[in-house]
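Comments concern the structure below.
The values are calculated or read from the model by the stated rules, or taken from the named source; none is laboratory data. The structure displayed is predicted, hence computed values, not measured ones. Cβ placement follows ideal geometry from the backbone for every residue including glycine, while neighbour counts extend to all protein chains displayed.
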Amino acid sequence: MAELKLGIAGLGTAANLVLPYVGQVQNVRLTAGADIRPKARAGFTAAYSLPAFDSVAELSRSDMVDAVWIETPNHLHCEHAVTAAEGGKHVIVAKPMAASVAECDRMMEAARANGVRILIGHSKIFDPPIRAMGEIARSGRLGKVIQIDSWLYNDWLRRPRLPEELDKKKGAGFVLRQAPHLIDIAHYIVNAAPVALSAVTGRWDPHVSSEGNAHVQIRYASGAFASLSLNGYGYFDTSELTWDIGTFGATKPGAGSARPRPRSNVALTDGQKFSGLATPAQAATPTSTDAMPFFGLHIVSFERGVVRQSPQGLFIYTEEGREEVTLPLYLGRAAELIELRDAIAEDRDVFPNGEWGRENLKTCLAILTSASEAREIAL
Ligand SMILES: NC(=O)c1ccc[n+]([C@@H]2O[C@H](COP(=O)([O-])OP(=O)(O)OC[C@H]3O[C@@H](n4cnc5c(N)ncnc54)[C@H](O)[C@@H]3O)[C@@H](O)[C@H]2O)c1
């Protein structure tokens, strides 16, 4: 199998969640980065002894890379994905795929025209418990999925933010940054066409110009429905309900009784936002005792049972009582790299692909429309 040379565009917070995993994937090699911030470029080059370009265009023209993982702000995903595709590079793009459905179409068209793939990155579909719940649904073992209830409480509004990260017109803000995950989870597990959505949102933190909470109901063609509750004000974290285990399987004992994170989110400059961002260390090799990742609490009801996550896998509740199944190791962001590498080698499309990302964004945008117009939106 030929080696896949990977470049990372945007060397900020999310890139730091990817970089530690690149070295763990056979036949995938990190070869370059790109960022407009000189400090980010210098930090990357010092840590990895690799070049960092000052534009995504230059990275995309370079023979050093076969694929570009786009970790730039949402409103730049389209421009950067099209540039990478036109340079003949495969694309992994962070969620949400873009700022508008028209941008998603342009990205897919560029990928088609240049014979490259677009994979949606940071999707919770790569988390083993979500995958396994989807597989139970597809197996028919418990009958059809009838209902999903998801809760996600975190401190998204208190984290360091540039003004553009709160701007709905730029495809950002709490809803467009956090709802993609819960929508991916619901759409993937239900595995039926979403028919309609109704939502309410709230904006109750006077320090932040973004919605901070939302409730969403989605109806599916199969008769299933999903109920999603999101709250990012930072007073409570759902990980307190999931054995103190949160995103990426990290355990934070006692976090529930601690004071909320101090607010550090008000119209920061680049220098202020990135001053504390360290270059990431290599990720530890996962072991069988590591916990599974929890991104909120999800209870999936089937015709003949209920499934939810346990620390090492799933709890399955049926007429026989509760059964626990353990799951394969959580690979973090290595999962996307394995998917792209294997799709290229097997000459198949990736999953989740551009169509999937477009559907997800359409659903996220419908949340905002439904809330502002106080009506159900057909999907
Ligand atoms: N922060 C997270 O935990 C997280 C997790 C998953 C996905 N994401 C997604 O990752 C993407 C980036 O988010 P983030 O939190 O890392 O933002 P960030 O602001 O921390 O980092 C963005 C980086 O992109 C760089 N950049 C800006 N304009 C650029 C340009 N024109 N060319 C090259 N580089 C440019 C910035 O200098 C910065 O280093 C978003 O789409 C977000 O939804 C973020």
| task | Specify the residue that is farthest from the ligand (Cβ to nearest atom); the eligible residues are those in the range 20-31 that are modelled with pLDDT of 95 or more and at negative phi. | result | 26
| query | Only one of 215, 298, 187 is farther than 30 Å from residue 325 by Cβ, surrounded by 15 or more Cβ atoms within 10 Å (Cβ to Cβ), away from the ligand (no atom under 16 Å from the Cβ) and within 23 Å of the chain's Cα centre (by Cα); which? | reply | 215
| remark: Log entry, pairs with first residue in the range 116-127 being more than 19 Å from residue 6 (Cα to Cα), second being β-branched (Val, Ile, Thr), beta carbons closer than 7 Å, six or more apart or on different chains, reads 124/130; 124/185
| message | I want to confirm something. Restricting to the range 58-75 and keeping residues that are away from the ligand (no atom under 12 Å from the Cβ) and of a type in the set (A, V, I, L, M), which single residue is surrounded by the most Cβ atoms within 10 Å (Cβ to Cβ)? | response | 65
| message | With the structure loaded, tell me whether residue 78 is surrounded by 21 or more Cβ atoms within 10 Å (Cβ to Cβ) and within 23 Å of residue 161 (Cα to Cα) or whether it fails that test. | response | yes
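With the structure loaded, tell me whether residue 55 is more than 10 Å from the ligand (Cβ to nearest atom), within 24 Å of residue 164 (Cα to Cα) and at pLDDT 95 or above or whether it fails that test. Lay out the reasoning, then the answer.
Values: more than 10 Å from the ligand (Cβ to nearest atom): no; within 24 Å of residue 164 (Cα to Cα): yes; at pLDDT 95 or above: yes.
For residue 55, the condition - more than 10 Å from the ligand (Cβ to nearest atom), within 24 Å of residue 164 (Cα to Cα) and at pLDDT 95 or above - is not met.
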| request: Spot the failing condition for residue 169; the list is (1) surrounded by fewer than 22 Cβ atoms within 10 Å (Cβ to Cβ); (2) within 18 Å of the chain's Cα centre (by Cα); (3) assigned to a helix (DSSP H, G or I), and only one is missed. | output: (2)
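Can you name the helices (runs of 4 or more DSSP H) wholly within the range 265-378 that have at least 3 residues being touching a residue at least 40 places away in the same chain (Cβ under 8 Å) and in the same structural domain as residue 217 (by TED's automatic domain parsing)? Show your work before the answer.
Working: elements: 270-274, 334-345, 354-373.
The qualifying helices (runs of 4 or more DSSP H) are 270-274, 354-373.
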| query | Among the residues of the range 224-234, is any under 18 Å from the mean Cα position of the chain (by Cα) and within 15 Å of the ligand (Cβ to nearest atom)? | reply | yes
| Taking into account only those residues within the range 369-379 that are of a type in the set (A, V, I, L, M) and in contact with a Leu (Cβ under 8 Å, 6 or more places away or on another chain), which is farthest from residue 96 (Cα to Cα)? | 377
| Taking into account only those residues within the range 49-78 that are within 22 Å of residue 273 (Cβ to Cβ) and among the hydroxyl-bearing types (Ser, Thr, Tyr), which is farthest from the chain's Cα centre (by Cα)? | 55
| said: Considering only the range 109-121, I want to know if a residue exists there that is more than 13 Å from the ligand (Cβ to nearest atom) and under 28 Å from residue 224 (Cβ atoms). | reply: yes
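Name the residue, out of 290, 342, 347, that is under 19 Å from residue 247 (Cα atoms) and of a type outside the set (Lys, Arg). It would help to see each step written out before you state the result.
Values: 342 fails: under 19 Å from residue 247 (Cα atoms); 347 fails: under 19 Å from residue 247 (Cα atoms).
The unique qualifying residue is 290.
Could you tell me whether any residue of the range 356-369 is modelled with pLDDT under 95 and over 19 Å from the mean Cα position of the chain (by Cα)?
no
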| Selection count where residues are in a loop (DSSP other than H, G, I, E, B) and under 20 Å from the mean Cα position of the chain (by Cα), scope the range 123-159 | 5
| Residue check: is residue 309 at pLDDT below 95 and within 21 Å of the chain's Cα centre (by Cα)? | no
| message | Quick check on the range 192-212: of everything there that is buried (at least 22 other Cβ atoms within 10 Å of the Cβ) and hydrophobic (A, V, I, L, M, F, W, C), which residue is farthest from residue 374 (Cα to Cα)? | response | 208
